[in-house]
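Input: a single structure, listed below in structure tokens.
Derivation of every value follows stated rules applied to the coordinates shown; laboratory data play no part. Because the structure is predicted, anything quoted here is derived from the model rather than measured. Reconstructed Cβ throughout: ideal geometry from the backbone, glycine too, with neighbour counts over all protein chains shown.
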Amino acid sequence: MRYICNRSCVYKVVTTYYDKRMNIFTTINIIAFVIFGIIGLTFAIKNRKDFNGLIQLQINRQTMTGFTIMMFISGLIMAIAFAINMEMGLLEIESRKNAFILIKNIPSELINAVGEEFMIRAFVFIGILVVLDNKLFALILSSIIFCFLHNPDSIISIISYFLAGLMYGVAFLGLRSIWAPIGLHFGWNYFQGIVFGFPVSSQVSDGYLLLVIEDNAIWNGGSTGPEGSILGIVGRLLIITSIGLITYVFSKKISSKQFLKLSNKW
């Protein structure tokens, strides 16, 4: 008696294998997140008098300029994504809510951005830096950790979330302040979900616009949102490039003697 495995069977085997591998990788990722996060948090507590300077948490003209520029760049990218999808007929505005919702959701989105950026950039990144003393490696490893904490379910979303980690990390290193990735993160989620009504990380948004979205992996990511699309990947790459240009042009004005100076502090 022969067992015949058709296409459906092969797909099931491949999917099961992929899921098992992802579960193992996710577990390792969580362990790395916890270990480096604890090291970073311990470092922050031990050096609490200098920690504000190490991540440039203080509010001043330079840090708030970085926050604002990053917020508007991410908003611009989302506006372009929205316009492209509307032009292609992939979106339909079903209804609009009270415009007050645009103000109402600012605190929750800001808290979310601050929380994630402190966990990854202020604690995990610095935890890796304390152990390995290499900013490039810390940038890459923290981006991988960030990526898999978001439970990506496709190759596109894996690439997109990894680039998101790079995007926020490059903003942190390039503009030399934790406020830069906070502004970028806040702007990305706020404009994506609250202003334009796209899903954010597969979560339905309580946004101003209620959209009917024609699922398209290239242009909008369907139920995942633009960050699960090829267009979202391009948007992240454009933001990383923009940060590089800003850093290069204004390098003399972006300065901080204390930023990430970890030597002899552990």
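Rounded to the nearest 500 deg cm²/dmol, what is the calculated helix-only ellipticity per residue at 222 nm for the chain, with -39500 (n - 2.57) per DSSP H run of length n ≥ 4? Please report the intermediate quantities before stating the final value.
On the way: 10 runs with 165 residues, N = 266.
So the helix-based figure for the chain works out to -20500 deg cm²/dmol.
Convex hull volume of the Cα atoms in the chain, per residue, in Å³? Please report the intermediate quantities before stating the final value.
On the way: hull volume 39.3 nm³, N = 266.
Residue-normalised Cα hull volume stands at 148 Å³.
Say each of L57 and I159 gets a label point 7 Å from the Cα, pointing the same way as Cα to Cβ; how far apart are those two points in nm?
My value for the distance between the label points is 3.7 nm.
Between N47 and T68, what is the FRET efficiency for a Förster distance of 25 Å, r being their Cβ-Cβ separation, to the nearest 0.05? Intermediate values should be presented prior to the final figure.
On the way: r = 28 Å, r/R0 = 1.13.
Result of the calculation: an efficiency of 0.30.
Hey, quick one: spin label on N151, modelled 7 Å out along Cα-Cβ, who in region 223-250 has an amide N within reach, i.e. under 14 Å?
Correct set: 224.
Mind giving me the nanometre distance, one decimal, between the label points for A83 and L102, set 7 Å out from Cα along Cα→Cβ?
If labels sit at A83 and L102, their model points lie 1.6 nm apart.
So what are the ³J(HN,Hα) numbers for region 24-36, from phi and the Karplus equation (6.51, -1.76, 1.60; θ = phi - 60°), rounded to whole Hz, Gly and Pro as x?
Each residue of region 24-36 in turn: 5, 5, 4, 5, 4, 4, 5, 4, 4, 4, 5, 4, 5 Hz.
Rounded to the nearest 0.05, what FRET efficiency is calculated for T26 and E214 with R0 set to 35 Å and r the Cβ-Cβ distance? Please list the in-between numbers first.
Values: r = 31 Å, r/R0 = 0.87.
E between T26 and E214, to the nearest 0.05, is 0.70.
All other residues with a Cβ under 12 Å from the Cβ of I213 taken together, and with Lys, Arg as +1 and Asp, Glu as -1, what is their net charge?
Numbers: positive: none; negative: E92, E94, E214, D215.
Here the charged neighbours net out to -4.
Dipole of the chain, Cα-centred, from +1 at each Lys and Arg C-beta and -1 at each Asp and Glu C-beta, to the nearest 20 debye? Let's see the in-between values first.
Numbers: 21 positive and 14 negative charges, 224 e Å.
Computed about the Cα centre, the dipole is about 1080 debye.
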